[in-house]
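Shown next, in structure tokens, is the structure this report addresses.
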Amino acid sequence: MGSARRSMSEFDLPLSIVLGVGLAAATGFRVFLPMLVVSGAAYAGHLPLDENFAWLGTASALTMLSVAALAEILAYYIPGVDNLLDALATPAAVVAGTIVSAAVITDVPPIVKWTAAVIAGGGVAGVTQFVTAILRAKSTILTGGVGNALISTAEFVGAVLVSVLALAAPLAALGVVIVFLWLAIRLVRHLLGGPPSDTPK
């Protein structure tokens with residue numbers, strides 16, 4: 001019995017970290033929407049949270065995050081405001097990514113929890129937000145902001161998809177995040193005019 005419990009714990013730890021990373025990556029698309037998904041899942045009893053983050057599963061948190069998520073989604077469709085929000089959203093995404101990661105990584109020593117939350121959660125959220133901010137800035141220059149609505153819609157869909165997938169199938173969500181980051185970084189390098197990787201030295 002003790003062995004079974006130990007092996008389950010050993011399995012749950014990496015899975016909870018993967019779940020946290022997936023949710024953190026989603027905050028790179030939209031800061032409040034993934035937190036709203038976590039709040040709703042916890043409030044409905046489908047997602048256990050660390051006791052220090054139990055407030056995320058309350059009705060007041062659910063209401064507050066619903067309003068914040070709606071305001072954030074709409075604001076990204078306002079020309080000029082979207083670029084301003086990107087400047088503010090990068091540090092906010094790191095904080096939100098760290099919070100959602102720490103909230104779902106349970107029953108581990110604090111040093112393990114916060115190391116994983118800050119490095120994996122906050123790091124992935126920051127990279128995701130940075131990449132999407134670069135894409136929007138390039139879109140603003142190349143299309144005069146006309147193409148920004150398409151990027152905002154893609155970010156919204158990405159935030160919902162990755163958040164829900166992280167709860168239903170964490171490993172699949174991690175795969176989606178890795179593929180997205182790979183493609184997005186290649187696109188950013190192309191837009192920035194970086195030298196091809198096979199350039200002779």
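The values are calculated or read from the model by the stated rules, or taken from the named source; none is laboratory data. Computed from a prediction, not measured in an experiment: that's the story for all the values here. Don't worry about glycine lacking a Cβ; one is built from the backbone with ideal geometry, like all the others, and counts go over all protein chains shown.
List of remarks:
- Qualifying residue in region 55-69 (condition: farther than 19 Å from GLY121 by Cα and modelled with pLDDT under 90): no
- The sole residue among SER163, SER139 that is in a helix (DSSP H, G or I), free of Cβ contacts under 8 Å to residues at least 40 places away in the same chain, in contact with a Gly (Cβ under 9 Å, 6 or more places away or on another chain) and buried (at least 21 other Cβ atoms within 10 Å of the Cβ) is SER139.
- Residues in region 94-118 that are modelled with pLDDT of 90 or more and not hydroxyl-bearing (Ser, Thr, Tyr): VAL94, VAL95, ALA96, GLY97, ILE99, VAL100, ALA102, ALA103, VAL104, TRP114, ALA117, VAL118.
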